[in-house]
Amino acid sequence: MRFSPEHEMFRQSIRKFVERELNPHVDEWEEAGAWPGHAVLKQMGALGFLGLTYPEEYGGQGLDFWYTVIFCEELAKTNCAGAPMGITVHTDMCTPALAQHGSHELKRQFLEPSLRGEYVGCIAVTEPDAGSDVASIRTRARPDGDDWVITGRKLFITNGAQADWACVLARTSDEPGAHGMSLIIVPTTSPGFSVSRTLRKLGNHSSDTAELIFDNVRVPKANTIGEEGMGFILQMRQFQRERLVGAILSYSSMEKVVRETIAYTQQRRAFGAALIEQQAIHFRLAELLTEIEALRALCYDATERFVAGEDITRLASMAKLKGGRLSREVTDSCLQYYGGMGYMEETPIARAYRDARLLSIGGGADEVMLGIIARQEGMLPQKTRPRQG
Amino acid sequence: MNIVVCMKETPSITAVKRFTADMRLERRKEDAEINPFDEYALEEGLRQREKHGGEVIALCMGPVTATENIRKALAIGADRGVLVTDPALEGSDAIGTARALAAALQKLGFDLALFGSAAADSYGGVVPAAVAEVLGQPLLSFASKLEIADGRAKIERAAETGYQVAEAAIPALVSVIQTINVPRYPSMKGIMQSKKKPIDTFSLADLGVDATLVGVAGAREKATGSSPVDTQRKGELFSGNDGAADRIVAFLVEQKVL
């Protein structure tokens, strides 16, 4: 059995949390352009929701990744994608490398309060001139005694405007390409750190997205996660989890969208019958549910392997690719069946349509996923291999 | 303080309700949840334990599968569970249920027995009173606030223009309403601990209850029919200038709106 009674109990607990603590506030957060990270994470931290798979020694729960699957499936039932994204950036995108490779001291200082929900974290990889092409980042950490002095800019950073610390990927040597980078934890109270602007986006309005400036920001070298120079590899590993989480969030929110559309078209009448009775519509919705289930199965397979300690680069990339593309299809078709109502801001599908566009871009674009899959499959000759990203 | 929270397993409010041939609600395991009204009783029990110490027991009468929902109460924070289950209890009415619960309460011993104000499936709302009657102990009903001090339980009961205050010596039974507190969520820690907490099972024989007084055999009440609420929307159109306003007023008066 994949899910034990404890798993199911956890599902009900997080489901209730979403219904009672998140959904009633979503409209307000969407309007405000941010979710209140500290308030929400504090509540979730007290319930032990933030460090499901992380060591108990640092306030985590030491559970298997199936709990994270449930966490994401239920979080995706929030009436927006922004807040769940902010939450999962904190729980599964900026913390995995720290939890796995950070020093004891570093985990005490940053992981522990983050799992209690006192700190909000963010992951700072993308730059104005380097997004999916991670190997070309330019932010530099210059050694100075026992410190790093960091200079550079990071763009499109989720939680960036309210984070207490950032997991920053920076160049720590002159080696070109993927070598010579390190992951460094930077407290946002450090002198020289600033948020230059919060960004207005097409969707995910309830999530704050920022540009971060590092102007000679000094942090101890001890803030480096794992070994110096290992940053790119650690981030690539961290990406696996980010991509799998993104895919899980996507199929679950897609399922919600389709089910809402079914309910709407059962009720909405046109040409003398319920809309759902149009074969074009019920065939299409049946087809989409089938694809959603196929994606869920792919994610469950990836999870099984992830739990067994296998490398899931290939499957996580496939899942995120499919998740991004299918999200666009599902929301587009469903919005269509809502007709004029679907174009109205007051109808949830309008928001879902906007929010769905991100997954094909963030966390490595579709094209990067295709490159990784092709490389993993050994399709290309050695020298023209695209860079991993 | 020994606190026993009586809880019922009910089908979730959103589940489709079906009836058996003898007009009993068909209970499906997958739809079963803790009666939402009882969540407030459980929360109140936990809060009283936090103030006064002692133990919270989740007591449930139901089928063997109700163990899962007792486990949920343990995840939320109860210390141990007790399931009263027996084939002869099937089809019990409120009085039969009260006999079984009263016997269990007596066996367990308690300072405070807490109840939700009603069950979401039947809305009878008489079980707490019937249990109090069987036990010969006081019931403070529909509490919106509960305080235990100096061996007495004191409640506030919301009334139309204010609230009433009532009190009784403990051991006492108290039924609570939804404004009394905000139930907590099961925490991850609570969920993981719940599987290690004990759940005892009592049969009618364990409780010394005569099987002919409970279940279908002892039921004084019998459901004879049910029908869905007619949700068909009906419209009535008043048009034209000629007397339409009068007809609308007459309609509103008839509907007791005016």
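The values are calculated or read from the model by the stated rules, or taken from the named source; none is laboratory data. All values derive from a computational prediction rather than experimental measurement. Methodologically, a virtual Cβ is constructed for each residue, glycine included, from the backbone with ideal geometry; neighbour enumeration extends over all protein chains shown.
A few comments on the model shown:
- Some residue of segment B:210-221 being loosely packed, with under 13 Cβ neighbours inside 10 Å and within 23 Å of the chain's Cα centre (by Cα): yes
- Residue match in segment A:332-344 (condition: within 23 Å of the chain's Cα centre (by Cα) and crowded, with 22+ Cβ neighbours inside 10 Å): no
- Search result, residues across segment A:169-226 that are polar (S, T, N, Q) and free of Cβ contacts under 8 Å to residues at least 60 places away in the same chain: A:THR172, A:SER173, A:SER182, A:THR188, A:THR189, A:SER190, A:SER194, A:SER196, A:THR209
- Selection status of B:ARG157, in contact with a Phe, Trp or Tyr (Cβ under 8 Å, 6 or more places away or on another chain) and either at positive phi or surrounded by fewer than 18 Cβ atoms within 10 Å (Cβ to Cβ) (or both): yes
Residue-by-condition table, conditions (1) part of a strand (DSSP E or B); (2) more than 18 Å from B:GLU147 (Cα to Cα); (3) in contact with a strand residue (DSSP E or B) (Cβ under 9 Å, 6 or more places away or on another chain):
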site	(1), (2), (3)
B:LEU42	no, no, yes
B:ALA58	yes, yes, yes
B:GLU68	no, yes, yes
B:LEU74	no, yes, yes
B:GLY96	no, yes, no
B:ALA100	no, yes, yes
B:ALA103	no, yes, yes
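- Members of segment B:1-19 that are in a loop (DSSP other than H, G, I, E, B) and under 27 Å from B:LEU112 (Cα atoms): B:MET1, B:LYS8
- Among the residues of segment A:6-51, not one is surrounded by fewer than 16 Cβ atoms within 10 Å (Cβ to Cβ) and in contact with a strand residue (DSSP E or B) (Cβ under 9 Å, 6 or more places away or on another chain).
- Test result for A:CYS72, away from chain B (no Cβ under 14 Å), part of a loop (DSSP other than H, G, I, E, B) and surrounded by 16 or more Cβ atoms within 10 Å (Cβ to Cβ): no
- Listed by first and then second residue, the pairs linking a residue in segment A:3-24 that is in contact (Cβ under 8 Å) with a residue 60 or more places away in the chain and within 9 Å of chain B (Cβ to nearest Cβ) to a residue that is part of a helix (DSSP H, G or I) and of a type in the set (D, E, K, R), with Cβ atoms under 8 Å apart and 6 or more places separating them unless they lie on different chains, are A:ILE14/A:GLU74.
- Residue match in segment A:92-106 (condition: assigned by TED's automatic domain parsing to the domain that holds A:GLY33, touching a residue at least 12 places away in the same chain (Cβ under 8 Å), more than 30 Å from A:GLY203 (Cβ to Cβ) and in a loop (DSSP other than H, G, I, E, B)): yes
- Filter result (part of a helix (DSSP H, G or I), within 14 Å of chain B (Cβ to nearest Cβ) and surrounded by 21 or more Cβ atoms within 10 Å (Cβ to Cβ)) within segment A:59-69: A:TYR67, A:THR68
- B:ALA100 vs. criteria closer than 20 Å to B:GLY125 by Cα and within 14 Å of chain A (Cβ to nearest Cβ): no
- Restricting attention to segment B:182-212, the residues being part of a loop (DSSP other than H, G, I, E, B) and within 14 Å of chain A (Cβ to nearest Cβ) number 9.
- Taken over segment A:39-58, the criterion of being part of a helix (DSSP H, G or I) and within 13 Å of another protein chain (Cβ to nearest Cβ) is satisfied by A:GLN43, A:MET44, A:GLY45, A:ALA46, A:GLU56.
- Test result for A:THR290, within 33 Å of the chain's Cα centre (by Cα), within 28 Å of A:ARG314 (Cα to Cα), exposed (fewer than 14 other Cβ atoms within 10 Å of the Cβ) and at pLDDT 95 or above: yes
- Among (1) within 11 Å of chain B (Cβ to nearest Cβ); (2) in a loop (DSSP other than H, G, I, E, B), the one test that A:ALA34 misses: (1)
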